[in-house]
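These notes concern the structure reproduced below.
Each reported figure results from applying straightforward, stated rules to the coordinates on display, with no laboratory input. Nothing here was measured: the structure is a model prediction, and the numbers come from that model. We place every Cβ from the backbone using ideal geometry, glycine too, and count neighbours over all the protein chains shown.
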Amino acid sequence: MNISRITYRQQIKPSDLEAIARIVKSSSFFSAAEIDLACELAAEKLSDGNACSYQFLFGENENFVWGYTCFGLIPATAGSYDLYWIAVDDHLRAGGLGKQLLKKTEEIIQNAGGSHIYVETSSRHQYQTTHKFYEICGYLEEALLKDFYAAGDSKVIYSKVII
């Protein structure tokens, strides 16, 4: 798949629940609980609509979703956003779609008045490519919370100023 053929949309559809589960499972990074959480956020958006603070961006071709982001304004902040999920189908990983999704997500956030984006990820070895991805995209490591997820699995927090 050539990423130049990918189109982007923000509106979530019921069929996206299955796509999100497929994409997140394809990475082999996430536990069953994490996969369920990714789907729960989308289900909440579908049921609550605009009352839900979660926002989505989907990258698709011919109605097949290849990747997505989930993000939202952090309550009680003046323009700080969390990037909750960014995931690309394993067949397109390292092909540029993740960078495109992140860039377009940053543009959406900036156009909404956002100025800072925060990303949380694991310190486990399998996430080293994820850390490099964020750093290449201009994110800085802000904090390391030791043993946050489990013994030997710390939380790494990255941020980027987009103003």
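Details
- Rounded to the nearest 20 debye, dipole of the chain from Cβ charges on Lys, Arg, Asp, Glu: 420
- Calculated SAXS-style log₁₀ I(q)/I(0) at q = 0.23 Å⁻¹ - region 91-163, Debye, Cα scatterers: -1.05
- Karplus-derived 3J(HN,Hα), 6.51/-1.76/1.60, for each residue of region 51-61, Hz, glycine and proline x: 6, 7, 7, 6, 10, 10, 9, 10, x, 9, 9
- Candidates A43, A87, A143, ranked by Gaussian network fluctuation over the chain, Cα under 10 Å, top entry: A143
- Relative contact order for the chain, counting Cα pairs under 8 Å that sit 6 or more residues apart, in percent: 18
- Charge dipole (region 1-149, unit charges on Cβ, about Cα centre) - positive-most of S80, I117, W66: W66
- Since only I20, S47, S4 are under comparison, the one whose Cα sits farthest along the positive direction of the charge dipole of the chain, derived from C-beta charges on Lys, Arg, Asp and Glu, is S4.
- Region 98-128 and region 7-83 have Cα centres spaced 13 Å apart.
- Difference of contour (0.36 nm per residue) and Cα-Cα distance, Y127 to H91: 11.2 nm
- Helix content alone sets the calculated 222 nm mean residue ellipticity of the chain: runs of n ≥ 4 DSSP H residues at -39500 (n - 2.57) each, divided across all residues, give -10000 deg cm²/dmol.
- Most mobile listed residue (A51, A151, A33) in the chain, GNM with C-alpha springs under 10 Å: A151
- Cβ-derived FRET efficiency at R0 45 Å, T77 paired with T7, nearest 0.05: 0.90
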